[in-house]
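Novice: The structure follows.
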Amino acid sequence: MSRWTRKDLLGLDDLNAEEIWHLLETARAFKGVGERSLKKVPALRGKTLINFFVEPSTRTRTSFELAAMRLSADVINIAASASSLQKGETLKDTALNFQALRADIIVLRHSSAGSSRFLADRLSASIINAGDGAHEHPTQGLLDTFTILERLGRIEGLEVAIVGDILFSRVARSNIHALTKLGAKVTLVGPSTLVPRTFERLGVRVVHRLDEALGSFDVINLLRIQHERQRKEYFPGLGEYISMFGLSKARAEKLKPDCLIMHPGPINRGVEIDSDVADGSRSVILEQVTNGLAVRMAVLYCCAGGVGLSS
Amino acid sequence: MRMLRIAGGRVIDPANERDGFGDVWISDGVFVAAPTAESSPDDVEVIDAAGLVVAPGLIDMHVHFREPGQAHKETIASGSRAAAAGGFTSVVCMPNTTPVADNAGTITLIREKAQAAASVNVFTTGAITKGIAGEELAPYGSMIAAGIVAITDDGHCVQNHEVMRRALEYARMFDLPVLDHCQDYSLVGNGVMHEGEWSLRLGLQGWPRVGEEVMVARNVLLSELCDSPIHCQHISSGGSVRLLRDAKARGVKVSGEVCPHHIALTDRCLQSFDSNYKMNPPLRTERDIDALLEGLADGTLDVLCSDHAPHAFYEKEVELDQAPFGITGLETAFALCCDILLHKRNVINLPRLIELFTANPARLLSLDRGTLSVGAAADVTLINPELEWTFDKEKSRSLSRNTPLHGVQLKGRAITTIVGGKTVWTLED
């Protein structure tokens with residue numbers, strides 16, 4: 001346990017490989033809890049967690065809520081639309097109120113990059129970043145890494161592709177940090193406007209032609225194209241995107257036979273991924289969701305200093 | 001007759017190419033010649049300047065005092081106290097007050113407040129366009145009558161090139177200096193920091209160099225077209241320095257200014273997500289710093305200034321992308337430049353450093369300041385270029401504390417500030 005000393009989880013860029021391994025190993029221990037008929041341990045009994053989602057989310061919020069419940073914490077969910085942010089209260093003041101209510105953990109989803117760091121620097125409560133703008137989504141990065149590790153038995157040396165809108169993706173950034181720190185070779189694939197060459201400074205390869213690289217990947221992680229908020233100057237349209245970067249059946253056939261197909265969800269069937277491919281045997285999309293629960297239990301447990309983990 | 005003698009210092013007056021040990025004499029608020037034996041005054045006050053540099057009063061041609069409209073951030077009185085404590089005897093205020101200084105009435109109000117409350121010379125600018133909205137020209141003639149020394153839409157930038165062209169042509173009729181904050185809105189968008197590796201890592205919207213360079217290039221071309229001078233404010237990009245250098249070599253009447261934070265800090269600082277590193281234009285890279293230093297050394301860049309932009313603590317204490325741009329700077333600007341340009345990087349000498357803070361801004365804005373010439377207003381700054389000290393923002397005279405320089409060790413600073421022969425600030429031991 002000496003390997004984890006942080007009160008917060010703000011991003012994976014901050015962590016070293018040892019810390020990431022520690023969270024993954026803790027998650028493995030917790031995964032067993034979810035497989036039991038009695039899916040609950042008393043590790044965080046008496047602790048209070050506030051799920052503060054200033055930006056909407058269903059999947060991540062539900063996952064954190066369940067994770068906290070399985071650790072026996074008391075959980076409150078607050079959405080931005082129901083919070084005093086609507087009345088002009090600042091993020092800091094709202095969070096200070098949570099702290100005054102003796103919240104031990106605040107899980108924050110927010111559209112501003114750095115918002116979790118901002119609170120972590122100012123509050124004694126544990127701050128867990130559930131996605132801050134285009135910056136990081138550390139539990140997603142961890143659960144993707146956990147899923148790869150569980151399926152393929154290793155991370156080091158694997159060829160992992162991340163395809164899509166990398167520029168605006170916090171999921172991509174957290175994946176890049178976790179995977180490169182653990183020794184994977186990461187390739188970013190997408191249109192040059194959404195995958196600028198500057199990403200190479202993060203220790204990854206940048207490729208703009210998916211077809212040429214398909215056969216080399218051990219893992220392909222498809223990000224959702226956020227066409228509802230994509231500005232038109234970044235790419236001409238969904239049709240062209242699908243023709244160049246969508247994982248069609250034909251492209252899926254060119255992948256290695258045991259290549260994992262991943263997606264952080266929510267998926268757009270027929271856009272970034274063909275519907276049958278998403279449901280196919282190589283797809284681990286729903287396993288990612290299951291693993292997300294174990295990873296979030298581990299993160300809450302480590303950051304909130306929980307005790308009494310039963311095997 | 002009463003006289004003031006500043007005795008025994010190294011007198012540096014770039015406007016007169018003077019650099020040597022000697023005395024400076026002041027009487028009735030102006031510099032006078034040393035008295036002869038026959039005209040010996042009966043009452044002489046002496047300031048011992050041994051070991052110090054005696055310079056013309058420093059000028060900061062780019063500050064934001066928030067009166068009228070946002071006096072909780074800064075007033076003319078508090079801002080001028082901060083100026084004095086930084087060694088500045090003159091400041092030039094930007095017009096983005098509330099309401100905007102785009103008419104004679106508002107200018108008059110600012111001038112009257114300054115007259116009543118300021119301990120240093122407070123010069124004012126007017127807006128280029130009404131409401132700094134970039135569409136209609138403001139009434140330059142009446143604003144000049146009310147006392148402006150230049151026009152600028154600082155904080156904003158006139159996007160419409162036709163409007164900017166006509167502003168230059170119209171201002172030229174009055175020999176009115178035109179200053180421009182160079183920012184192309186379409187390229188910058190909602191950018192909050194320099195576009196590069198760090199904006200990519202941090203997931204923050206980038207403010208690319210080209211967003212500045214496009215407007216510097218535009219200004220060069222319009223200056224050429226109208227044969228009219230234009231001054232580019234707070235240059236941050238190495239590319240802008242190149243554009244200005246090439247234009248000057250062709251004889252185009254462009255000039256440029258640099259803020260100390262742009263040569264002291266880089267975009268890497270934003271990894272703390274501290275809003276005190278958020279300013280417009282943004283902190284850039286080591287490469288840009290090298291280009292700015294080169295520009296200051298070779299004469300491409302003409303002026304150093306603070307872009308003192310006070311904001312209340314609670315206004316900056318928010319998510320980074322929602323925080324206002326800008327930092328305070330009056331009390332650190334000269335010292336930081338001294339520390340970097342003279343000591344750490346040693347790219348210019350002391351006379352050049354003083355020129356960038358005195359003779360050059362005075363020349364660009366036609367101010368009768370920035371010199372120790374006999375007959376000129378007796379504004380003097382005494383400088384100890386070797387003094388090592390630590391900046392403590394809690395001791396600041398400004399109403400605001402939004403600076404990333406708290407606790408930073410600096411070498412060199414102003415020691416005493418004299419305006420019109422009167423000491424308005426002196427460093428306490």
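The values are calculated or read from the model by the stated rules, or taken from the named source; none is laboratory data. Just so we're clear, the structure is a prediction, and the values are computed from it rather than from any experiment. Using ideal geometry, Cβ is built from the backbone for each residue, glycine included, and neighbour counts are taken over all protein chains shown.
Novice: So how many residues does region B:143-184 have that are among the small types (G, A, S) and in a strand (DSSP E or B)?
Specialist: Result for region B:143-184: 1.
Novice: Please pick out the residue among B:L200, B:L244 that is in a helix (DSSP H, G or I), under 30 Å from B:M173 (Cβ atoms) and either within 14 Å of chain A (Cβ to nearest Cβ) or in contact with a strand residue (DSSP E or B) (Cβ under 6 Å, 6 or more places away or on another chain) (or both).
Specialist: B:L244 is the lone residue from the list that is in a helix (DSSP H, G or I), under 30 Å from B:M173 (Cβ atoms) and either within 14 Å of chain A (Cβ to nearest Cβ) or in contact with a strand residue (DSSP E or B) (Cβ under 6 Å, 6 or more places away or on another chain) (or both).
Novice: Filter the strands (runs of 3 or more DSSP E) completely within region B:29-128 down to those with at least 3 residues that are over 29 Å from B:T390 (Cβ atoms).
Specialist: Where strands (runs of 3 or more DSSP E) fall fully within region B:29-128 and carry at least 3 residues being over 29 Å from B:T390 (Cβ atoms), they are B:30-32, B:43-48, B:121-126.
Novice: Identify the single condition in (1) modelled with pLDDT under 95; (2) more than 14 Å from chain B (Cβ to nearest Cβ); (3) farther than 27 Å from A:A178 by Cα that A:A250 does not satisfy, given that it satisfies every other one.
Specialist: (1)
Novice: Also: Looking at the structure I just gave you, is B:D60 crowded, with 24+ Cβ neighbours inside 10 Å, farther than 13 Å from B:I415 by Cα, within 15 Å of the chain's Cα centre (by Cα) and among the acidic types (D, E)?
Specialist: yes
Novice: Inside region A:251-274, can you point out the residues that are loosely packed, with under 12 Cβ neighbours inside 10 Å and not in a loop (DSSP other than H, G, I, E, B)?
Specialist: Matches in region A:251-274: A:E253 only.
Novice: So B:L225 fits all but one of (1) more than 14 Å from every other protein chain (Cβ to nearest Cβ); (2) within 23 Å of the chain's Cα centre (by Cα); what number is the exception?
Specialist: Of (1) more than 14 Å from every other protein chain (Cβ to nearest Cβ); (2) within 23 Å of the chain's Cα centre (by Cα), only one is false for B:L225: (2).
Novice: Restricting to region A:40-50, count the residues that are part of a loop (DSSP other than H, G, I, E, B) and crowded, with 19+ Cβ neighbours inside 10 Å.
Specialist: Number of matching residues: 4.
Novice: While we're here: If only one of A:A68, A:A80, A:A100 is aliphatic (A, V, I, L, M) and over 20 Å from A:F118 (Cα atoms), which one is it?
Specialist: Going through A:A68, A:A80, A:A100 in turn, just one is aliphatic (A, V, I, L, M) and over 20 Å from A:F118 (Cα atoms): A:A68.
Novice: On to the next question. Restricting attention to region B:300-338, and to residues there that are touching a His at 6+ places or on another chain (Cβ under 6 Å) and within 14 Å of chain A (Cβ to nearest Cβ), which single residue is nearest to B:H234 (Cα to Cα)?
Specialist: Of everything passing the filter in region B:300-338, B:P324 is nearest to B:H234 (Cα to Cα).
One line per residue, one yes/no per condition, for (1) touching a His at 6+ places or on another chain (Cβ under 8 Å); (2) among the charged types (D, E, K, R); (3) closer than 27 Å to B:W198 by Cβ:
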residue: A:G11; (1), (2), (3): yes, no, yes
residue: A:L15; (1), (2), (3): yes, no, yes
residue: A:R28; (1), (2), (3): no, yes, no
residue: A:V33; (1), (2), (3): no, no, no
residue: A:S37; (1), (2), (3): no, no, no
residue: A:K40; (1), (2), (3): no, yes, no
residue: A:L49; (1), (2), (3): no, no, no
residue: A:V54; (1), (2), (3): yes, no, yes
residue: A:S63; (1), (2), (3): no, no, no
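Novice: May I ask you to verify whether A:G131 is in the same structural domain as A:S248 (by TED's automatic domain parsing) and in contact with a Lys or Arg (Cβ under 9 Å, 6 or more places away or on another chain)?
Specialist: The answer is no for A:G131.
Novice: Follow-up question, since we're still on this one. In the set A:K7, A:K40, which member is in contact with a strand residue (DSSP E or B) (Cβ under 8 Å, 6 or more places away or on another chain) and over 18 Å from A:L143 (Cβ atoms)?
Specialist: Result of the check over A:K7, A:K40: A:K7.
Novice: Go through (1) within 14 Å of chain B (Cβ to nearest Cβ); (2) assigned to a helix (DSSP H, G or I) and name the single condition A:Y241 misses.
Specialist: (1)
Novice: Another one. Can you find a residue in region B:205-219 that is surrounded by 24 or more Cβ atoms within 10 Å (Cβ to Cβ), of a type in the set (D, E, K, R) and more than 27 Å from B:A171 (Cα to Cα)?
Specialist: Scanning region B:205-219, I find no residue that is surrounded by 24 or more Cβ atoms within 10 Å (Cβ to Cβ), of a type in the set (D, E, K, R) and more than 27 Å from B:A171 (Cα to Cα), so the answer is no.
Novice: For region B:217-236, give me the residue count where each residue is touching a Pro at 6+ places or on another chain (Cβ under 8 Å) and at positive phi.
Specialist: Total meeting the criteria: 1.
Novice: Right, here's the next one. For region B:283-321, what are the residues that are among the acidic types (D, E), buried (at least 22 other Cβ atoms within 10 Å of the Cβ) and either closer than 30 Å to A:L85 by Cβ or in contact with a strand residue (DSSP E or B) (Cβ under 7 Å, 6 or more places away or on another chain) (or both)?
Specialist: Correct list: B:D302, B:D307, B:E319.
Novice: Right, another one. Which residue is nearest to the other protein chains (Cβ to nearest Cβ), if the candidates are limited to region B:203-214 and must be over 13 Å from B:A247 (Cβ atoms) and within 25 Å of the chain's Cα centre (by Cα)?
Specialist: My answer is B:P208.
Novice: For region B:375-390, indicate whether the set of residues that are part of a loop (DSSP other than H, G, I, E, B), surrounded by fewer than 21 Cβ atoms within 10 Å (Cβ to Cβ), in contact with a Leu (Cβ under 7 Å, 6 or more places away or on another chain) and among the aromatic types (F, W, Y) is non-empty.
Specialist: Scanning region B:375-390, I find no residue that is part of a loop (DSSP other than H, G, I, E, B), surrounded by fewer than 21 Cβ atoms within 10 Å (Cβ to Cβ), in contact with a Leu (Cβ under 7 Å, 6 or more places away or on another chain) and among the aromatic types (F, W, Y), so the answer is no.
Novice: Here is a follow-up. Please pick out the residue among A:I148, A:I105, A:I127 that is farther than 20 Å from A:S57 by Cβ, β-branched (V, I, T) and buried (at least 23 other Cβ atoms within 10 Å of the Cβ).
Specialist: None of the other options fit; the residue is A:I148.
Novice: Which residue, of B:D42, B:D13, is acidic (D, E) and at pLDDT 95 or above?
Specialist: B:D13
Novice: Please work out which one of (1) within 12 Å of chain B (Cβ to nearest Cβ); (2) surrounded by fewer than 23 Cβ atoms within 10 Å (Cβ to Cβ); (3) closer than 22 Å to A:G141 by Cβ is the condition A:E233 fails and give its number.
Specialist: For A:E233, the exception is condition (3).
Novice: Quick check, is B:I144 assigned by TED's automatic domain parsing to the domain that holds B:N190, more than 26 Å from B:L336 (Cβ to Cβ), of a type in the set (V, I, T) and buried (at least 24 other Cβ atoms within 10 Å of the Cβ)?
Specialist: So B:I144 fails the test.
Novice: Among the residues of region A:1-39, what is the count of those that are surrounded by fewer than 13 Cβ atoms within 10 Å (Cβ to Cβ) and outside any helix (DSSP H, G or I)?
Specialist: The qualifying residues number 8.
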